[in-house]
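*Asks:* Handing you a structure now.
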Amino acid sequence: MKSEDKTQSRPGLIFIIVCILVTVGTVWLSSHQTFAAWQKPPPTKEDFERKMKAQQEKLKEMNEQAKAGTKAVAAALVRDARAAIVKKDYPKAISLANDVLAADSDNSGAYLARGIAHYYTGLLKESLQDLSKTISLEPRSAEAYVYRGLIKNKQGQPNEAIADFSQAIEYNNQYGAPYYYRGILREQAGQAALAQEDFKKACELKIQQACDKVK
């Protein structure tokens, strides 16, 4: 009877031994890994700087992508604003330009579009501000000089208007409008010969009103 008890208790003893071995092995493995981690040398200054540089480059790339996307959207809205001006939908043009400027306060195209729309709605003060801002951001904008010249003439400053038309011609001598408008003012000032030169040039550049004034 005692022999049978020893035989029956043997599997339980074996199970206990196996559990002890597994526990010891787990503790040893854990301590070995922890020790290995302790043994790993800390990152050097060069490693840290290299990691930081990689992160900065990644952030820079992400920012550039975001800016490119914003510029593409802004350019599309400016095109829509100019299309609205052609259709004489000036409130829409102003609204679209405002949307662009809310996100990009230095967008010269939006200032120009809004300035032109303001001009045609009779808001000369607002138009002049927008056109002058356009010129400050894009000094070679011949179109901005033309519209600013038109405003100055309406404000009783023909000489300043002529100066703006002349500046527009300097930046784009294939733009017919400033020749025509300068010719009108020169004609009014009694400068017939100079006016005729401007009308002829404007006519060559397909400004029909100028062709009608060529003698």
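What follows draws every value from the coordinates through simple rules; no lab data is involved. The structure presented is a predicted model; accordingly, all values stated were derived computationally and were not measured.
*Asks:* With a/c under 1.5 counting as rounded, go ahead and sort the range 89-164 into rounded, prolate or oblate using the C-alpha gyration tensor (a ≥ b ≥ c being the square roots of the eigenvalues; past the cut-off, prolate if a/b is larger than b/c, else oblate).
*Replies:* Taking the square roots of the gyration eigenvalues as a ≥ b ≥ c, the range 89-164 is oblate.
*Asks:* Once you order the gyration tensor axes a ≥ b ≥ c over the Cα atoms, which shape class does the range 123-193 get: rounded for a/c under 1.5, otherwise prolate or oblate by comparing a/b with b/c?
*Replies:* Oblate is the answer for the range 123-193, as a/c is 1.5 or above yet b/c matches or exceeds a/b.
*Asks:* Could I ask something else about it? Can you tell me how much longer the chain between Gln209 and Tyr120 gets when fully stretched, taken as 0.36 nm per residue apart minus their C-alpha distance, in nm with one decimal?
*Replies:* My answer for the length gained is 30.1 nm.
*Asks:* My understanding is that a pair violates if its Cα-Cα distance is over 24 Å; which of Lys133/Lys154; Lys71/Lys92; Lys87/Lys206; Lys92/Lys201; Lys125/Lys200; Lys133/Lys206 do that in this structure?
*Replies:* The pairs that break the limit, which is 24 Å between Cα atoms, are Lys92/Lys201; Lys125/Lys200; Lys133/Lys206.
*Asks:* Return the whole-Å distance between the Cα centroid of the range 117-193 and the Cα centroid of the range 86-112.
*Replies:* 20 Å
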